[in-house]
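Report on the structure given below.
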Amino acid sequence: MHRPLITMPTKRISIGTVSLVCIGWIIALMPFLSASAVAQESSPVPLRFAYSEFPPFHWKNNDQSMAGFFYDIITEAVENRIGIPLVWTAYPWTRCQENVKSGLDDAILTVPTEDRARYSVTHKKPFYVKELHIFTAVDHPRLADIMSIRTIGDIKRLGLSVVTYSGNGWHKSMIESEGIKTYETPYLQNVWLMLVKKRADLVIEWPPGATPDLLRLELDTAVIDTGTVLSSMRFHLLIRKDSGNTAILDRFDETIAAMQRDGTINAILRRYTL
């Protein structure tokens, strides 16, 4: 005898029901999705600095930690007070500028020039001003003439030459543009080697920046600082025009002014005996 086939009733799920379930899940997840989106939007974009190894401005120690008074000033102002994370990458100075032009990096610390203004923007007041002295070889045959120099015009009048590092925008606009004979080297330390070998007559540099290299090269007794303050360089933060962080520049000026008032910048300079 065959038992009757028992069939269970089937329940159809309409497309409308599925849609309602999906919508319910989306509504349930919205707080989490919104929180994630807000977190991404509020995360500041890092500012990528291109710099050259140049004590006491900025350099990397053997343990890969960064040091230097420019590094300390910028880190305190931009990262600690404004809240923008920083990434520092070292290159030869000419490449630093090319990397900002091309978009590989965002910012450099240097003197504003017409050429740099084509691809970067900056703030109103310098965050640091350095005095430039005239250096020469101790045994230079025209030492008396060199000691008499007081202006850039004097260098041209005396027919003297100057050696500098590649990419020195101040030198190009202030010295080379005056028709003064100029030699360049891609490596900063070579400036001093060329000077003592009489391949050029003068170096124009900031004394605290010159001293570490002269000591490292054991040329501190072969080169003399004439004491003549020829000019000064006004250092700014330059940020690439299409970088997402150009809006911080006004705040940067305000922050540097606050750091000057509260003694932070003087404290940093004292750490480097400046």
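Each value in this text was obtained by applying a stated rule to the coordinates, not by laboratory testing. Predicted model, so just to flag it, every value in this text is computed and none were measured. Reconstructed Cβ throughout: ideal geometry from the backbone, glycine too, with neighbour counts over all protein chains shown.
So the values come out like this:
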{"quantity": "Förster-model FRET efficiency, 51 Å R0, Ala247 and Arg216, C-beta, rounded to 0.05", "calculated": "0.80"}
{"quantity": "Label point 7 Å beyond Cα of Ala267 along Cβ direction - residues of segment 66-103 with amide nitrogen under 17 Å", "calculated": "68-82"}
{"quantity": "Simple label model, 7 Å out from Cα along Cβ direction - Asn61 to Ser232, nm", "calculated": "3.2 nm"}
{"quantity": "Long-range HN-HN contacts of Ile84 with modeled amide H, under 5 Å", "calculated": "Glu79"}
{"quantity": "Cβ-Cβ FRET estimate between Asp139 and Glu98, R0 fixed at 41 Å, reported to 0.05", "calculated": "0.60"}
{"quantity": "Global form of segment 129-233, assessed from the alpha-carbon gyration tensor, a/c cut-off 1.5", "calculated": "rounded"}
{"quantity": "Val45 paired with Ser166, simple spin-label distance in nm, labels 7 Å along Cα-to-beta-carbon", "calculated": "3.0 nm"}
{"quantity": "Computed lengthening from Asp115 to Gln260, 0.36 nm per intervening residue step minus Cα-Cα distance", "calculated": "49.2 nm"}
{"quantity": "Residue pairs, from the table Lys101/Lys172; Lys101/Lys198; Lys60/Lys101, whose Cα atoms sit over 30 Å apart", "calculated": "Lys101/Lys198"}
{"quantity": "Using θ = phi - 60° and Karplus 6.51 cos²θ - 1.76 cosθ + 1.60, couplings along segment 50-57 (whole Hz; Gly, Pro as x)", "calculated": "9, 9, 10, 5, 8, x, x, 6"}
